[in-house]
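Engineer: Just passing along the structure, written as structure tokens.
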Amino acid sequence: MDLQAEVHVEAEAGDSPPSRTAPAGFVAAAAAILTACGGGGGGSTGGVVTPPATGGGQTQQSLTAADASRFLGQASMGANRAEIDRVRGQGLAAWLDEQFAMSRQIGHWDWLVANGFNVPANQNNTAGFDAMMWRQLIASPDTLRQRVGMALLNFLVVGIDGVTGSWRQFTMAAYMDILWDNAFGNFRTLLERISTNAAMGLYLTFLGNRKANPATGAVPDENYARELMQLFTIGLLRLNPDGTAQTQETYTQDDVSGLARVFTGWTLDSTDNTTPDRYRRPMINNPANHETGAKTFLGTTIPAGTSGPESLRLALDAIFAHPNVPPFVSKQLIQRLVTSNPSPAYVGRIAAVFANNGSGVRGDLRAVIRAILLDPEARDSATAQASQSFGRLREPVMRLTGWARAYGINSPANTWAFGDTSSSSTRLAQSPGRSPSVFNFFRPGYTPPNSAIGSAGLVAPEFQITNEPSVVAYINYMIALVTNGAGDAVPDYSPLLAIADNSAALVDEVNLVLAAGQLSAATVAAIRSAVDSTATTATNGPLLRVRTAVLLTLAAPEYLTLK
């Protein structure tokens, strides 16, 4: 079974809206590649990746351009040729050190303020939100932080369409600033900050949560207590240190009810709604609405009379100490960055770093991210290419940002006009910060029904939003972007125009930058044939040839599934 073999699309050239000025045959050629070349680049021999006994990985001296591009496919939001060359020159560890040390250029909240969105007219809309998201993901130099921030947002989920109240764009900005600012910090700190954040309180309905009322039979809202355990920290089943599941459940309904008592009395610190500022500050606890009785969950009892803030501290300490947390969090981060089906040994190595970073510190996300990206299983490209189970389907947002960063997208007017891309019929079926539920656009354990992936006992999370209509929509949308950009966010293909007359050099360069050189010989031949169908002497011939090479690479199954 090969993940690439599951990527199919049926499309006609007529699927491209007539208003888009795409080179003839774009969609038809893309369909031909997707349906005919699903076998992928590396020969499939089955099994999971087994890292070399020596520890694997590449030295700076042995790092190829393809190795560097593949690494950036895992560690960044996308890269151009210059960044690939920089990684190759300085080595992976040095690049990580540089990224870890890089401060944020501007936060989400501060960008909204700087661009004038904190005015009364925006109190009850989401103006500026999508532009804020795309600007961060595409233009911020701290690309590793952007990638990890998105990984965290994919399982510590809040979506703007589920946030109630006013100033929703600012409420979401404050939440995402917590994820981005703490992406390289400690997971325990991150838990506390999301648990006192207004967006989370609104999204999972514990803002304004009140203690039980025996007279009316009302009990505390259990929403956040349940999802904090199930989705954010420990999961449904007990885990071995390597992430493999036992049969014992991690918590019961009594644990949910007991933990829910902790999340009573939490509210905003002000009633002033003339500015969005109260949504940025941590929530406070109102003692009158907080449950003062004992709170028992997960084998822990918080004594009666304990204050709200102290109850929260003790509850999060107990959850953070749970043995499931290291493998649960580690596996999800591996899935988001490297591969959907990491071996138990890979998960075990990363979980051990989560449990102890080597200096006795638990939950050090910087150490965890470094370990994930430098692990032999992540870096052994040859074994990964030969495996039928290694790799991941690129989520649609990463496909767009990969193209945008590769070809110099900027928005001088700061409009970043990509907008909401969550439509599965006309755009990407995913848009950053717009998850339809707390379960994200796709779940970490999703397996396509009646598929070879399922028959092999594998998961493929991103396939939950991938089907024939959504892939056709993706290609059609990328035709528009590759051709015209979005508003003033237009691509710069000048480096490719210099080699547009040489289809071999052109396709090889696009293959390297976008697909880490992983396109198969058959796919390369198909793209070259499509490129050569446009003469360099034709009107705009060089530009049409470049656009053809870029779009068909973005449509190729070996690009869609990074191995």
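Engineer: Any aspartates and glutamates with Cα under 17 Å of the Lys211 Cα? List them, leaving off those in the same chain fewer than 8 positions away.
Structural biologist: Asp221, Glu222, Asp254, Asp255, Glu291, Glu310
Engineer: Oh, and also: Average the reciprocal distances over every distinct pair of alpha-carbons in the stretch 394-447, invert the result, and give the Kirkwood radius in Å.
Structural biologist: 12.6
Engineer: On to the next question. Where nothing but the Cβ of Lys and Arg (+1) and of Asp and Glu (-1) is charged, how large is the charge dipole of the chain around its Cα centre, in debye to the nearest 20?
Structural biologist: 560
Engineer: Let me ask you something else. Computed over the Cα atoms, what is the radius of gyration of the chain divided by 2.2 N^0.38 Å, N being its residue count?
Structural biologist: 0.99
Engineer: Considering only protein heavy atoms and a probe of 1.4 Å, how much of the accessible area of the stretch 163-211 is carbon and sulfur, as a whole percent?
Structural biologist: 46
Engineer: How many nm separate the modelled label positions at Ala413 and Ala212, each set 7 Å beyond the Cα in the direction of the Cβ?
Structural biologist: In this crude label model, Ala413 to Ala212 measures out at 5.9 nm.
Engineer: Using mean Cβ contacts within 10 Å as the protection proxy, how do 171-178, 246-253 order, highest first?
Structural biologist: In descending order of packing, they fall as 171-178, 246-253.
Engineer: Quick one: compute the contact order of the stretch 388-441, relative version, from alpha carbon pairs under 8 angstrom and 6+ residues apart, as a percent.
Structural biologist: 28
Engineer: Determine ³J(HN,Hα), in whole Hz, for all residues of the stretch 510-518 in sequence, where each value follows from phi through the Karplus function 6.51 cos²θ - 1.76 cosθ + 1.60 and θ = phi - 60°; x replaces Gly and Pro.
Structural biologist: 5, 4, 5, 5, 8, 10, 6, x, 8
Engineer: Can you give the Rg and Dmax of the stretch 406-563 based on its C-alpha atoms, in angstrom?
Structural biologist: In Å, with Rg to one decimal and Dmax whole: 17.4, 53.
Engineer: Determine the per residue accessible area of the stretch 103-156 with all protein chains present and a 1.4 angstrom probe, expressed in square angstrom.
Structural biologist: Roughly 29 Å² per residue, with all protein chains present.
Engineer: A follow-up question, please. I'd like the distance between the alpha-carbon centres of the stretch 337-371 and the stretch 244-309, rounded to an integer number of Å.
Structural biologist: Rounded to whole Å, the Cα centres lie 28 Å apart.
Engineer: What value, in deg cm²/dmol to 500, does the helix sum -39500 (n - 2.57) over DSSP H runs of n ≥ 4 give at 222 nm once divided by the residues of the chain?
Structural biologist: The helix-only estimate for the chain comes to -13000 deg cm²/dmol at 222 nm.
Engineer: Of the accessible area of the stretch 87-151, with the probe set at 1.4 angstrom, what percent is carbon plus sulfur?
Structural biologist: 50
Engineer: If you roll a 1.4 angstrom probe over the protein chains with everything in place, what fraction of the accessible area of the stretch 288-393 belongs to carbon and sulfur, to the nearest %?
Structural biologist: Reported share for carbon and sulfur atoms: 57 percent.
Engineer: 7 Å from Cα along Cα→Cβ at both Asn356 and Ala114: what's the point-to-point distance in nm?
Structural biologist: 4.3
Engineer: Using only Cα atoms, what is the ratio of the radius of gyration of the stretch 495-539 to 2.2 N^0.38 Å?
Structural biologist: 1.13
Engineer: Also: Convert each backbone phi in the stretch 222-237 into a coupling constant with the Karplus relation 6.51 cos²θ - 1.76 cosθ + 1.60 (shift: θ = phi - 60°), then list the ³J(HN,Hα) values in order as whole Hz, x for Gly and Pro.
Structural biologist: With the stated coefficients, the stretch 222-237 comes to 9, 4, 5, 4, 5, 6, 4, 7, 5, 9, 9, 9, 10, x, 7, 10 Hz.
Engineer: May I ask for the Rg/Rh ratio of the stretch 310-439, computed from Cα atoms with Rh as the Kirkwood radius, given to two decimals?
Structural biologist: That ratio equals 1.06.
Engineer: Per q in 0.20 1/Å, what log10 I(q)/I(0) does a Debye calculation on the alpha-carbon atoms of the stretch 246-296 return?
Structural biologist: Computed log10 I(q)/I(0) values: -0.76.
Engineer: Next question, about the same structure. Using 7 Å Cα-to-Cβ label points, what is the Asp85/Ala452 separation (nm, one decimal)?
Structural biologist: For the pair Asp85/Ala452, the computed spacing is 3.9 nm.
Engineer: Related question: Can you work out the Karplus-derived ³J(HN,Hα) for every residue in the stretch 407-417? Use 6.51 cos²θ - 1.76 cosθ + 1.60 with θ = phi - 60°, whole Hz, and x for glycine or proline.
Structural biologist: For the stretch 407-417, the Karplus curve yields 10, x, 4, 9, 10, x, 8, 6, 8, 6, 7 Hz.
Engineer: Any idea of the accessible area per residue across the stretch 458-515, 1.4 Å probe, to the nearest Å²?
Structural biologist: Per-residue value: 31 Å².
Engineer: Same structure again: Per residue, how much accessible area does the stretch 178-327 show when a 1.4 Å probe rolls over the protein heavy atoms, in square angstrom?
Structural biologist: Accessible surface, normalised per residue, equals 41 Å².
Engineer: Moving to a separate point now. Taking only Cα atoms of the stretch 151-204, what ratio of Rg to Rh do you get with Rh as the Kirkwood inverse-distance radius?
Structural biologist: Radius of gyration over Kirkwood radius for the stretch 151-204 works out to 0.94.
The values are calculated or read from the model by the stated rules, or taken from the named source; none is laboratory data. Everything numeric in this text was worked out from a predicted model, so none of it was measured. Every residue, glycine among them, receives a Cβ derived from its backbone with ideal geometry; neighbour counts consider all protein chains shown. We work out accessible area using only protein heavy atoms, side chains counted, and drop any ligands, DNA or RNA first. Shrake-Rupley method; radii C 1.70, N 1.55, O 1.52, S 1.80 Å.
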